[in-house]
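*Asks:* Okay, handing you the structure first.
The values are calculated or read from the model by the stated rules, or taken from the named source; none is laboratory data. Quantities reported herein were computed from a predicted structural model and do not represent experimental measurements. Ideal geometry is used to build each Cβ from the backbone, glycine not excepted, and the neighbour counts take in all protein chains shown.
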Amino acid sequence: MGSRVPEVIDRLLALGAADSALKGVRVSDGPELTEDDDPEWLIPGWDADPNGDYQAASTLGGWAGLGSRREEQFQITVAVIAFNGDTDVRAARERAYEIAYAVEAWFAADPSIGLPELEAAIEASQLTQDQTDKGAKATLLLTVAGRGFT
């Protein structure tokens, strides 16, 4: 089965690594086992639940006419995580949204994010906040939704 999901995740990783607005943000290809204490993360393809099922993406598709082309609708979860080192939840939340605004800007500038026969945008988000041993934590889950042809 062909899918556009792998290349969309790869493109989000490349855009994150190249975006100067995300300097200091660790851009990760899915969850990492690390002892690094990076305070800010952008993780395309992860639901930010270390005890969950590691949901990365979902697709729905059908044939796009006679022949072998298939239209695919997709949703990819992108986790934005910000710790601030103290108990200031507001500061962690604001930083998570700043990181998310950079991602949103990629789609505003080019809904195809440079990929042929594709269009996408941030469709939804979900915010959780917590106090941890690393300080206040804000986790913002973005749903990148789109469609493309395979």
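*Asks:* Mind checking which pairs have a first residue in region 39-59 that is under 17 Å from Glu7 (Cβ atoms) and touching a residue at least 12 places away in the same chain (Cβ under 8 Å) and a second that is of a type in the set (Val, Ile, Thr) and in a loop (DSSP other than H, G, I, E, B), Cβ under 7 Å, 6 or more apart or different chains?
*Replies:* Final answer for the pair search is none.
*Asks:* Related question: Residues of region 130-150 being of a type in the set (Val, Ile, Thr) and in a strand (DSSP E or B), which ones? Write out each step before concluding.
*Replies:* If we filter region 130-150 for residues that are of a type in the set (Val, Ile, Thr), which is where we start, we get 132, 139, 143-144, 150.
Hits for region 130-150 are Thr132, Thr139, Thr143, Val144.
*Asks:* If Leu127 satisfies every condition in (1) among the hydrophobic types (A, V, I, L, M, F, W, C); (2) part of a strand (DSSP E or B); (3) over 11 Å from the mean Cα position of the chain (by Cα); (4) surrounded by 14 or more Cβ atoms within 10 Å (Cβ to Cβ) but one, which is the exception?
*Replies:* Result: Leu127 passes all but (4).
*Asks:* On to the next question. Scan region 50-78 residue by residue and report those that are aliphatic (A, V, I, L, M) and at pLDDT 85 or above. Can you show your working first?
*Replies:* Going residue by residue through region 50-78, those that are aliphatic (A, V, I, L, M) are 56-57, 60, 64, 66, 76, 78.
Selection gives Ala56, Ala57, Leu60, Ile76, Val78.
*Asks:* So which of Val89, Val103, Val78 ends up being closer than 26 Å to Pro50 by Cβ, among the hydrophobic types (A, V, I, L, M, F, W, C) and in contact with a Pro (Cβ under 6 Å, 6 or more places away or on another chain)?
*Replies:* Details: Val89 fails: in contact with a Pro (Cβ under 6 Å, 6 or more places away or on another chain); Val103 fails: in contact with a Pro (Cβ under 6 Å, 6 or more places away or on another chain).
The match here is Val78.
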